[in-house]
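One structure below.
The values are calculated or read from the model by the stated rules, or taken from the named source; none is laboratory data. This one's a predicted model, so the numbers in the text were calculated from it and none came from an experiment. Ideal geometry is used to build each Cβ from the backbone, glycine not excepted, and the neighbour counts take in all protein chains shown.
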Amino acid sequence: MSVETKVEYEIVIGLEIHAELSTESKVFCGCRTTFGADPNSLVCPVCLGLPGSLPVLNRKAVEYAIKAGLALNCEIARYSKFDRKQYFYPDLPKAYQISQYDLPLCRNGWVEFEINGEVRRVGINRVHLEEEAGKSVHSGERLLGSEYSLIDYNRGGIPLIEIVTEPDLRSPEEARVFLEQLRQILLFTGVSDVKMEEGSLRCDANISLRPKGSTKFGAKTEVKNLNSFRSVQRALEYEAQRQREVLESGGTLYQETRHWDENRGVTVAMRSKEEAHDYRYFPEPDLVPLVVDEAWIERLRAELPELPRARQARFVEQYGLPRYDAEVLTTSPQLADFFEACVAEYGQAKPVSNWIMGEFLRLLKAEGKAVEQVQVSPKGLADLLRLIDQGVINANVGKEVFEEMFHTGKEPGAIVKERGLEQISDTAALAAIVDQVIAANPDAADNVRNGEMKAIGFLIGQVMKQTGGKANPKVVQALLRERLLGG
Ligand SMILES: [Zn+2]
């Protein structure tokens, strides 16, 4: 009898993340960095690499890169330098990119994230500062099959940080959750707007397999064109499965770069992976070394805001919120600020959290807006909650009022007055309507008399209909019970 032993594989993933820094001007010249400007309108001799032009380092870009490094728990190099990375591609007018090679600005950091209730830590190998390339626009859907390509150099020279993790991630899902956490840290730190859909946050992934327990790494592939968090996970799931099949069938894997084809859901071989020596790195002779002193680093450290995981923990602790609420409310610093400002106005946290997670986020999503783009004020939301507490309006009408506040920024009290939305709690007025509804629905009324309490909901609904939703449901229920069940 032969026993088939199947090798169990461990997945090893490391990520390389590029984030554009949200400085006003480019990293080595004074050109603006505005997104969506007319093609080639934000360029100058420096970022076009014209002969005789010289780069000057943008101090703000250095500060943002240091802040990112500090937020990722890195050591900041007191001395680092820039290097030329040579490669020939039309979106790179100088035919080299100014980057950092052997002496990056930040090293040896880590990021913690939580997955399935477990805290995981991923090492950050380095964070370095470099310049962005231009953008190729192909006449067809992609380069292959296009008749021509155009280049927009507006993006060329925007400051970029490259963040390289250690190969510490063990599943495609972990890679996605880690990346979401990293994005949030950069967002809270305020150094990048990290929009994957606009390309200001990009991610390449290195993945390899090895027999469980082995400490040697297998041949890795670098997966490119990961345009969303979802595609990071999907592409890595596909690639892990592909590599497993190759290994199980006795094949050999080679180090290569593969392109994720989102539509077909597969990775496709692009080229054998280049090695560092292919780029002929050498020190950039037009820039002096970057020297950073302790006082500067400490000033930037003091400017760091409370980071997402710390803020989540505080929301649970200070406001007694469930973890889930704390996570939702800290998806952006603006949302977290709005929540805290509302609580300061209203005094209680959970009702505010419920309204923000419910109606507020629903409307934001429906309109594709960000928190800072809408006019509802913290005081407005607090006033609305008080109107409901005081019984002036019921919760359903509250939603209607909130929607108008969301669109117009008007005060809730004014909306209620203008539209005559005050709740009807007057027993005499409601009693007449209750009697009409009972008379018009004798079957339902009998059902209630016979103890079928589902029918009472139907009758309450009828009264609400008659009153345009303004009846106080508690008073209506009490009246129905009194009349049908004798109190
Ligand atoms: Zn320029």
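Can you list the helices (runs of 4 or more DSSP H) found entirely within the range 261-339 that contain at least 3 residues being under 18 Å from K67 (Cα atoms) and of a type in the set (D, E)?
Values: elements: 294-303, 308-319, 323-329.
Because the criterion is at least 3 residues that are under 18 Å from K67 (Cα atoms) and of a type in the set (D, E), the helices (runs of 4 or more DSSP H) in the range 261-339 that meet it are 294-303.
So, of the residues in the range 5-29 that are more than 16 Å from the ligand (Cβ to nearest atom) and part of a loop (DSSP other than H, G, I, E, B), which turns out to be farthest from the chain's Cα centre (by Cα)?
From the range 5-29, those more than 16 Å from the ligand (Cβ to nearest atom) are 5-19, 22; that's our starting set.
Now narrow it down to the ones that are part of a loop (DSSP other than H, G, I, E, B): 5-8, 22.
On the way: T5: 43, K6: 39, V7: 37, E8: 34, S22: 16 Å.
Filtering the range 5-29 for residues that are more than 16 Å from the ligand (Cβ to nearest atom) and part of a loop (DSSP other than H, G, I, E, B), the one farthest from the chain's Cα centre (by Cα) comes out as T5.
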_Positions within the range 35-56 being more than 10 Å from the ligand (Cβ to nearest atom) and among the β-branched types (V, I, T), in sequence order_ = V56
*Inside the range 138-184, can you point out the residues that are surrounded by 22 or more Cβ atoms within 10 Å (Cβ to Cβ) and β-branched (V, I, T)?*
I158, I161, I163, T165
*asked:* Report every pair of residues separated by at least 6 positions or lying on different chains whose Cβ atoms are under 9 Å apart, first residue within the range 145-159 and part of a loop (DSSP other than H, G, I, E, B), second away from the ligand (no atom under 15 Å from the Cβ) and of a type in the set (S, T, Y).
replied: S146/S139; E147/S139; Y148/S139; I158/S200
*Only one of these is modelled with pLDDT of 95 or more, over 29 Å from F178 (Cα atoms), more than 13 Å from the ligand (Cβ to nearest atom) and basic (K, R): R78, R32, R59. Name it.*
R59
_Six or more apart or on different chains, Cβ atoms under 9 Å: show the pairs whose first residue is in the range 471-487 and farther than 13 Å from D435 by Cα and whose second is of a type in the set (K, R)._
L485/R449; G487/R481
*Complete set of residues in the range 65-75 that are in contact with a Phe, Trp or Tyr (Cβ under 9 Å, 6 or more places away or on another chain) and buried (at least 21 other Cβ atoms within 10 Å of the Cβ)*: I66, A71, L72, C74
*List, please: which pairs have Cβ atoms under 8 Å, are six or more places apart or on different chains, and start with a residue in the range 10-38 that is under 29 Å from N206 (Cα atoms) and end with one that is part of a loop (DSSP other than H, G, I, E, B) and of a type in the set (F, W, Y)?*
V12/F217
*Kindly list the number of the only condition in (1) farther than 22 Å from L300 by Cα; (2) within 16 Å of the ligand (Cβ to nearest atom) that fails for R121.*
(2)
*When you go through Q318, Q334 one by one, which is the residue that is farther than 27 Å from M196 by Cα, exposed (fewer than 15 other Cβ atoms within 10 Å of the Cβ) and outside the structural domain of S200 (by TED's automatic domain parsing)?*
Q318
